[in-house]
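The values are calculated or read from the model by the stated rules, or taken from the named source; none is laboratory data. The model shown is predicted, which means the values in this text are computed figures rather than measured ones. Here the Cβ is made from the backbone with ideal geometry for all residues, glycine too, and neighbour counts use every protein chain on show.
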């Protein structure tokens with residue numbers, strides 16, 4: 001497991017079960033993650049008594065977990081219960097694009113509070129050198145995943161304008177597609193001080209990621 005997986009990204013919700021009894025209210029939160037992350041969706045309800053918490057993903061017929069018992073084949077899903085804080089944390093390891101969606105925790109009783117959290121899987125990621133010396137070659141990569149297919153297109157932007165291949169300006173943009181993955185490579189030869197700035201990659205699905213490139217003048 002890489003270091004990023006050890007960094008748990010989480011949401012939290014706290015409610016008093018007695019105060020909410022006979023009220024079918026819903027509370028919402030959003031957790032944003034990237035593929036490979038480890039996330040925790042937290043639900044805390046006091047005074048459960050003999051009742052327990054159920055986690056379910058909207059669109060699935062069966063619950064993911066009941067109490068601390070998992071009802072999915074994948075070992076990536078588990079629940080951690082803290083009896084001191086009454087927190088029921090749904091942990092998802094190695095987040096994937098297919099995990100995106102709305103998750104609901106509720107008590108196994110009627111007319112009680114439910115809590116929903118939307119997991120937004122950031123499907124566009126940019127990597128490359130953030131600090132580069134003047135005259136060197138800049139190489140940036142943008143990966144976009146999708147389910148069941150990757151986005152139709154990726155575009156690079158700088159100062160609000162599309163960056164296209166332009167050999168006179170030392171710029172080359174290439175793209176390649178694999179199963180559920182679209183990659184765009186941006187190469188800039190012999191970088192100059194004016195090439196410094198933020199480079200943004202945007203998918204046709206309007207997901208984006210960016211990187212700020214610093215040019216070192218020696």
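I need the full set of residues from region 197-218 which are over 18 Å from residue 142 (Cα atoms) and either without any contact (Cβ under 8 Å) to a residue 12 or more places away in the chain or crowded, with 18+ Cβ neighbours inside 10 Å (or both), in order please.
The answer is 215, and nothing else.
Being at positive phi and not in a strand (DSSP E or B) is the filter here, so list the residues in region 172-218 that pass it.
Those that are at positive phi and not in a strand (DSSP E or B): 180, 190, 206.
I want to confirm something. Restricting to region 162-171 and keeping residues that are part of a strand (DSSP E or B) and over 20 Å from residue 208 (Cα atoms), which single residue is nearest to the chain's Cα centre (by Cα)?
171
Residues that are surrounded by fewer than 18 Cβ atoms within 10 Å (Cβ to Cβ), in contact with a strand residue (DSSP E or B) (Cβ under 9 Å, 6 or more places away or on another chain), at pLDDT below 85 and in the same structural domain as residue 36 (by TED's automatic domain parsing): does region 105-113 have at least one?
The answer is yes, given that some residue of region 105-113 is surrounded by fewer than 18 Cβ atoms within 10 Å (Cβ to Cβ), in contact with a strand residue (DSSP E or B) (Cβ under 9 Å, 6 or more places away or on another chain), at pLDDT below 85 and in the same structural domain as residue 36 (by TED's automatic domain parsing).
Tell me whether region 112-126 contains one or more residues that are touching a residue at least 40 places away in the same chain (Cβ under 8 Å), closer than 30 Å to residue 47 by Cα and over 26 Å from the mean Cα position of the chain (by Cα).
Checked against the condition, which is being touching a residue at least 40 places away in the same chain (Cβ under 8 Å), closer than 30 Å to residue 47 by Cα and over 26 Å from the mean Cα position of the chain (by Cα), region 112-126 yields at least one hit.
State all residues of region 88-100 that are surrounded by fewer than 19 Cβ atoms within 10 Å (Cβ to Cβ) and either farther than 20 Å from residue 59 by Cβ or at pLDDT 90 or above (or both); if no residue qualifies, say none.
Scanning region 88-100 gives 91, 93, 94.
What are the residue pairs meeting all of these: first residue in region 170-193, first residue not assigned by TED's automatic domain parsing to the domain that holds residue 153, second residue in a loop (DSSP other than H, G, I, E, B), Cβ atoms under 7 Å, and 6 or more apart or on different chains?
none
Go through region 132-161 residue by residue and tally those that are outside any loop (DSSP other than H, G, I, E, B) and either surrounded by 13 or more Cβ atoms within 10 Å (Cβ to Cβ) or without any contact (Cβ under 8 Å) to a residue 24 or more places away in the chain (or both).
The number of residues fulfilling the criteria is 15.
When region 103-131 is examined, which residues are found to be farther than 20 Å from residue 52 by Cα and assigned to a strand (DSSP E or B)?
Within region 103-131, 118, 119, 120, 121, 124, 125, 126, 127, 128, 131 meet the criteria.
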